[in-house]
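Asks: Please read through the structure below; I'll follow up with questions.
The values are calculated or read from the model by the stated rules, or taken from the named source; none is laboratory data. What you see is a predicted model, and the numbers here were worked out from it, not measured in a lab. All Cβ positions, glycine included, derive from the backbone under ideal geometry; neighbour counts span all protein chains shown. Note: accessible area is taken over every heavy atom of the protein model, side chains too, but ligands, DNA and RNA are not part of it. Shrake-Rupley method; radii C 1.70, N 1.55, O 1.52, S 1.80 Å.
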Amino acid sequence: KGPFIDGKLDDVCWPDQSALTNFTVINYESTRAKKQTEAYLCYDNSNIYVGIICEEPNIEGMSASRIKRDSRKIQSNDCVEVFTSPNPDHPEKYFNIEMNVRRAWLDRYHPEGPGKKPPTNWNAMGMRVGTTVQGTLNDDSDTDRSWILEAAIPLANFAKVAKHTPPHDGDVWHLNLNRLGGETNPQYSQWSPGKTKTPQFHAPRYFGRVVFSTKLVRK
């Protein structure tokens, strides 16, 4: 049974997962981001689940303003991104989903790889996103601690590209998790460090690797 999507990460599935940490800044030196991001992944036959904790002392103003789906300006907010290429035989075919603390998201499918204009009519169906704030949203009189995002992304959205949905035991997907600090903290950080000449998340050759297992994996 998957988690209840409320942005709390208190469901039974999350404590058993190993955290994906040490997000690094894209600055040619792979230095550890000052405002860290901690991520968790799990799945069932219906969804891939993502839990992300974002350190942030100022969750207000332009870091948390966008509320409309598919707004290109979501990336001007503090937001997290899930990039996945679900078929290792075709790593150039990838998806990206950007989500902010206001539960707004932008989703795109890139069938021809980076640098090519993607179709604008792809929308992830059945997604659920929940967030919580450890502090106060849009109140700059205090110091916040973090915000948490929890999302359920139906595997059916990747069925036309992935080898199997749901994934079989041992299937490998190329995947990366990214964080944009927004206008208040213009920082690009990511779980699997890229080596592009300029900060660029759309670089599937640098995505990390996740292996799906039918066995319960404990930390």
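Asks: For a distance above 19 Å, tell me the whole-number percent of Cα pairs in region 147-211 that qualify.
Replies: Distances greater than 19 Å cover 49 percent of the Cα pairs.
Asks: Would you please calculate the Kirkwood hydrodynamic radius of region 101-219 over all C-alpha pairs and express it in Å, rounded to one decimal?
Replies: Here the Kirkwood hydrodynamic radius works out to 17.3 Å.
Asks: Turning to a different aspect of this structure: Over 26 Å between Cα atoms: which of Lys35/Lys197; Lys35/Lys163; Lys116/Lys195; Lys34/Lys215; Lys8/Lys195 fall into that group?
Replies: Correct reply: Lys35/Lys163; Lys34/Lys215; Lys8/Lys195.
Asks: Would you rank Cys54, Cys13 by solvent-accessible area, highest first, keeping every protein chain in place and using a 1.4 Å probe?
Replies: The ranking, largest first, comes out as Cys13, Cys54.
Asks: May I ask for the net charge around Leu155, where only other residues with Cβ less than 13 Å from the Cβ of Leu155 are counted and Lys, Arg are +1 while Asp, Glu are -1?
Replies: 0
Asks: Okay, next question. In the full protein assembly as shown, how much of Val133 is accessible to a 1.4 Å probe, in Å² to the nearest 10?
Replies: Probe radius 1.4 Å; accessible area of Val133 about 50 Å².
Asks: What length, rounded to one decimal in nm, is gained on full extension from Thr196 through to Trp14, with 0.36 nm per residue of separation minus their alpha-carbon distance?
Replies: Working it through step by step, the gained length comes to 62.3 nm.
Asks: Leaving ligands, DNA and RNA out of it, work out the accessible area of Lys35 with a 1.4 Å probe and give it in Å² to the nearest 10.
Replies: Surface accessible to solvent at Lys35 totals approximately 50 Å².
Asks: Given a 1.4 angstrom probe, what's the average accessible area per residue across the chain, in square angstrom?
Replies: Value for the chain: 50 Å² per residue.
Asks: Something else about it: When only DSSP loop residues count, what trypsin sites (Lys or Arg not before Pro) in region 169-200 have their Cβ near at most 11 other Cβ atoms within 10 Å?
Replies: When the trypsin sites (Lys or Arg not before Pro) of region 169-200 are filtered for loop state and at most 11 Cβ neighbours within 10 Å, Lys195, Lys197 remain.
Asks: Let me ask another. In whole angstrom, how far apart do the alpha carbon centroids of region 93-122 and region 133-201 sit?
Replies: First find each Cα centre; the distance between them is then 12 Å.
Asks: What's the longest piece of the chain with no exposed GluC sites (Glu not before Pro), counting a site as exposed if DSSP puts it in a loop and it has at most 13 other beta carbons within 10 Å?
Replies: Longest stretch, sites excluded: 113-219.
Asks: Also, quick follow-up: Mind checking the alpha-carbon convex hull of the chain and giving the volume per residue in Å³?
Replies: 116
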